[in-house]
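What follows is a single structure, written as structure tokens, with notes after it.
The values are calculated or read from the model by the stated rules, or taken from the named source; none is laboratory data. These numbers come from a predicted model, not from an experiment. Cβ sites come from the backbone with ideal geometry, for glycine too, and all protein chains shown count toward neighbours.
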Amino acid sequence: MRYSPLAIALSALLGLSASSAQSADLAPMDPRAASLEAIGRGALAAGDMAQATDAFEAALTVEPGATGLLLDLASAARAEGLQGKALHYYRAAMDRDPKNLAAIAGEGEALAEKGALEKARRNLGRLENLCGADCGPTRELAAAIAKGVEPKVVSAEALKPKDAVSAN
């Protein structure tokens, strides 16, 4: 009983110092990483996904764990049709920043593109709780869910067997 006030004061002090350390502002991005990110975004806009991915990965080695770079890599992966890889990057970004609206919306859109509409709806619910029904990421994810999965069409020529004679 004699130590209760001391224990309460100590726990309050430790809790306050721990929460203030987590809310500290992030340092600005290294200029080399920012330059590589700009190159990657230019390549992404030009449709060169390989160069964009290379630039974003190089920037990530300079600035490990940068949330913006993870989102850029996810965008490049989605543009290539690699939704599984994009999901990995979105989840890494959400591990770093759980309330990142772009990461939540991007993950939901990638899930919708894969056909996991129920999981995408969960992300939509999270977005509605965080920013409301009228914010941009919420509207984009709702549109992606409404669009659904695009059917993959394969031409008959792609499935046509090639005539080849082989020697026994």
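For this structure, a couple of remarks:
- Selection status of residue 84, of a type outside the set (Asp, Glu), part of a loop (DSSP other than H, G, I, E, B) and touching a residue at least 24 places away in the same chain (Cβ under 8 Å): no
- Figure legend. Inter-residue proximity from the range 91-108: first residues free of Cβ contacts under 8 Å to residues at least 40 places away in the same chain and under 18 Å from residue 135 (Cα atoms), second residues hydrophobic (A, V, I, L, M, F, W, C) and not in a helix (DSSP H, G or I), beta-carbon distance below 9 Å, spacing 6+ or different chains. Indicated pairs: 101/135.
- Against the numbered list (1) within 27 Å of residue 120 (Cα to Cα); (2) part of a helix (DSSP H, G or I), residue 43 comes up short only at (1).
- Residue check for residue 35: modelled with pLDDT under 90, part of a helix (DSSP H, G or I) and either over 15 Å from the mean Cα position of the chain (by Cα) or not aromatic (Phe, Trp, Tyr) (or both): no
- Some residue of the range 2-10 being at pLDDT 55 or above, in a helix (DSSP H, G or I) and not acidic (Asp, Glu): no
- Inside the range 39-70, residues that are among the hydroxyl-bearing types (Ser, Thr, Tyr), surrounded by 17 or more Cβ atoms within 10 Å (Cβ to Cβ) and more than 13 Å from the chain's Cα centre (by Cα) make up a count of 1.
- Exactly one residue among 73, 87 is surrounded by 17 or more Cβ atoms within 10 Å (Cβ to Cβ), at pLDDT 90 or above, more than 23 Å from residue 147 (Cβ to Cβ) and not small (Gly, Ala, Ser), and that residue is 73.
- Test: residue in the range 14-23 that is within 26 Å of residue 135 (Cα to Cα) and at pLDDT below 90: yes
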